[in-house]
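The values are calculated or read from the model by the stated rules, or taken from the named source; none is laboratory data. As the structure is a computational prediction, the values presented were derived from the model and not from experiment. Cβ sites come from the backbone with ideal geometry, for glycine too, and all protein chains shown count toward neighbours. Note: accessible area is taken over every heavy atom of the protein model, side chains too, but ligands, DNA and RNA are not part of it. Shrake-Rupley method; radii C 1.70, N 1.55, O 1.52, S 1.80 Å.
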Amino acid sequence: MGLLEETARDILSGPDPWPALEEAGLASVGVPEDAGGSGGTLADAAVLLRASGRHGASVPLAETGWLAGRLLAAAGLPVPRGP
């Protein structure tokens, strides 16, 4: 198991994972750093999505990072923090 997977498991198994995901920079994995994201690949984001599904975590990772964050960055628009 990789470090990203272990970190995601630890955070997502908690009662309210969203603040910890943001603090660790995991809520914006897959969004380019120059757009305010954490960088990383779509494979990294997939690790997080699998972990959130495995833990039944009700967090908007796909909507925030994969979809909105990447689209806003590609359009040259600012990527806000939060879901």
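Filtered by the rule that a residue be on the phi > 0 side of the Ramachandran plot and more than 11 Å from the chain's Cα centre (by Cα), segment 36-49 gives a lone residue, Gly36. If you go through segment 12-42 and keep only what is acidic (Asp, Glu) and closer than 17 Å to Ala57 by Cβ, you end up with Asp16, Glu22, Glu23.
Take the residues in segment 50-73 that are in a loop (DSSP other than H, G, I, E, B) and under 10 Å from the mean Cα position of the chain (by Cα); name whichever of them is surrounded by the most Cβ atoms within 10 Å (Cβ to Cβ). Reasoning before the result, please.
Pass one, segment 50-73, residues in a loop (DSSP other than H, G, I, E, B): 55-60.
The next check asks that each one be under 10 Å from the mean Cα position of the chain (by Cα); those that pass are 59-60.
Details: Val59: 21, Pro60: 15.
It comes out as Val59.
Please find, within segment 20-35, the residue that is farthest from the chain's Cα centre (by Cα) out of those that are in contact (Cβ under 8 Å) with a residue 40 or more places away in the chain and open to solvent by 20 Å² or more (accessible area, probe 1.4 Å). Here the residue is Ala35.
Within segment 74-83, which residues are at pLDDT 90 or above and either open to solvent by less than 60 Å² (accessible area, probe 1.4 Å) or part of a helix (DSSP H, G or I) (or both)? If you could, list the steps in order and put the result at the bottom.
Here is the first cut: in segment 74-83, the residues at pLDDT 90 or above are 74-77.
If the condition is that a residue be at pLDDT 90 or above and either open to solvent by less than 60 Å² (accessible area, probe 1.4 Å) or part of a helix (DSSP H, G or I) (or both), then Ala74 is the only one that fits.
The residue that is farthest from Val47 (Cα to Cα), among those in segment 2-19 that are open to solvent by 40 Å² or more (accessible area, probe 1.4 Å) and assigned to a helix (DSSP H, G or I), is Pro19.
Out of the residues in segment 36-49 meeting the condition of being assigned to a helix (DSSP H, G or I) and in contact with a strand residue (DSSP E or B) (Cβ under 7 Å, 6 or more places away or on another chain), tell me which one is most open to solvent (accessible area, probe 1.4 Å).
Applying the first criterion (assigned to a helix (DSSP H, G or I)) to segment 36-49 yields 42-49.
Cutting the leftovers down to in contact with a strand residue (DSSP E or B) (Cβ under 7 Å, 6 or more places away or on another chain) gives us 44-45, 48.
Details: Asp44: 53, Ala45: 5, Leu48: 4 Å².
Among those residues, the one meeting the criterion is Asp44.
Scanning segment 35-49 for residues that are modelled with pLDDT under 90 and not small (Gly, Ala, Ser) yields Thr41, Leu42.
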